[in-house]
Amino acid sequence: MATRPTEREVERNYKQAIEQLQPRSNAAELSVLWGTADPQNRPSGMTWVPETQTLTFDLWAGQREALDAVAEDTDLLGFLGGYGSGKTLLSTRWILKQAIEYSGSRFLLMGINFSKAKQTTFRTLFEQLPGERTHLVTSSYNGPEQSPIVADYNRQEHRLTLQNDTVIVLGSADRWSRHAGDAFGAVVLDEPSHYNDLHNILEMIGSRLRGIEGPKVQLWSLTGNGRNAAYDILERNVDANGDELGLNIEVVRASTLDNPYLTDDDKERFKRQYSSTSR
């Protein structure tokens, strides 16, 4: 006995039918540019021009320094910043740019755990997609699929597929082993200083950056959390046993107060709370 399609299935079938009647956007024409911060004219810090299929993300000094550090011979970039410094914003924009430029590839964006990442890391990624309400994910609404550059968002598998057939896998540090057999063109770890098994995660990722198109770089966006595994890796370049990792590691630091998109009230509040701390 045939079952009635769900509301979401009807919506998706309708969307696919419309796409078949219209010329599909040429994925090769999609491009991402880096712009200059202009909070007055572009309060969202991004611009989408559908006619040219161009997505522009605005950057400020600390973020540009981080991008310059992601060179061909860099294995791992640690982008350290205080609360509101734009570190997660940069890392999600960077991984989206890689996904757009490397058609048919595969990338990994990892958060602390799914519960926290859905409210921070993954939400920030969805907000960088062109389109309306792309960050909104409810039981009956799949916001990322409203973006003109997204083909599908599978929330059960935590997988975002772009129109150019590239996949961004959304992972979590508490279930990192599920990615051990995968392959990625690049990886972003958000807040790895709070990961419980960072040394093993680093070893796993190092073996997964192969066999697929991409810059083969790790970008870590994080706030300091004392002398832990992240400190050993980024500052001392050693593994859990104290042995040298042999990785080309770059570290760039950014201040919360340099973010031009924060209001003066926000900056004053951050200074009152965290001026005497590493945050």
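The values are calculated or read from the model by the stated rules, or taken from the named source; none is laboratory data. All figures in this text were calculated on a predicted structure; none of them were measured in a lab. Cβ sites come from the backbone with ideal geometry, for glycine too, and all protein chains shown count toward neighbours. Accessible surface areas use protein heavy atoms only, side chains included; no ligands, DNA or RNA. Shrake-Rupley method; radii C 1.70, N 1.55, O 1.52, S 1.80 Å.
Brief remarks on what is shown
- At full extension, T120 and R155 could sit 11.0 nm farther apart than now, given 0.36 nm per residue minus the alpha carbon distance.
- Theoretical gain in end-to-end length, D182 to N200 [0.36 nm per residue, Cα-Cα removed]: 4.9 nm
- Accessible-area value, D258, 1.4 Å probe, nucleic acids and ligands omitted, Å²: 100
- Contact order relative to length of segment 136-249, as percent, for alpha carbon pairs under 8 angstrom and 6 or more apart: 18
- Straight Cα distances below 18 angstrom link K116 to the lysines K87, with same-chain residues fewer than 8 positions distant left out.
- Portion, in percent, of the accessible area of the chain that falls on carbon or sulfur, probe 1.4 Å: 45
- In a reduced charge model with +1 at each Lys and Arg Cβ and -1 at each Asp and Glu Cβ, the chain shows a dipole moment near 760 debye about its Cα centre.
- Charge dipole (the chain, unit charges on Cβ, about Cα centre) - positive-most of L59, T92, I112: I112
- Over all Cα atoms in segment 111-185, the spread is summed up by Rg and Dmax: 12.3, 35 Å.
- Per-residue extension of 0.36 nm, minus the Cα-Cα distance of Q40 and L136, leaves a gain of 32.0 nm for this segment.
- With the simple spin-label model, which puts each label point 7 Å out from Cα in the Cβ direction, the L257 to N113 separation comes to 3.6 nm.
- Average accessible area per residue (Å²) across the chain - probe 1.4 Å, nucleic acids and ligands excluded: 51
- Geometric extent, Cα atoms of segment 52-145 - Rg, Dmax (angstrom): 14.2, 45
- Of the residues P192, P144, G226, the one whose Cα sits farthest towards the positive end of the charge dipole of the chain is P144 (charges of +1 on Lys and Arg Cβ, -1 on Asp and Glu Cβ, taken about the Cα centre).
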